[in-house]
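Remarks on the structure that follows.
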Amino acid sequence: MAHPTTLPYLKWVKLSQVNQVKGMIEMQSVNMHEAKTHLSALVERAVNGDEFIIAKAGKPMVKVVRYDAPSVQAVRRIGFMTGEIRVPDDFDRMGEAEIEHLFGSVA
């Protein structure tokens, strides 16, 4: 993670100063106003792998992390099993005798 001095105009604080839950890993935090003012720079930090918290009135609100889109190969497409499965011709009549026995004939 880049050192906070790379963005000197942001006031970074440790989460321990922003109601840190005991045992959590300390993470850099920026207040809501500064996040709105410097959104482009913060997005760039997230894209580069830095994670941080945006706080409002000293209360952590959101954790910002890089979004990793699935690769093209990982995206499942409709029809990916084409030719792999065979549906029997009598599929809509399968179990007909058992159903009739359980529920009676349907007119």
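Taken together, the values in this text are just the output of simple stated rules run on the coordinates, not laboratory data. Fair warning: this is a prediction, and the values are worked out from it, not measured in the lab. Quick reminder, even Gly has a Cβ in these numbers, built from the backbone with ideal geometry, and neighbours come from all protein chains shown.
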Using r as the Cβ-Cβ distance of His33 and Asp68, and R0 as 35 Å, what FRET efficiency do you calculate, to the nearest 0.05?
0.75
Sequence order, segment 78-93: Karplus ³J(HN,Hα) from phi using 6.51 cos²θ - 1.76 cosθ + 1.60, θ = phi - 60°, Hz rounded, Gly and Pro as x, gives 5, x, 5, 9, 3, x, 8, 10, 10, 9, x, 4, 9, 3, 6, 10
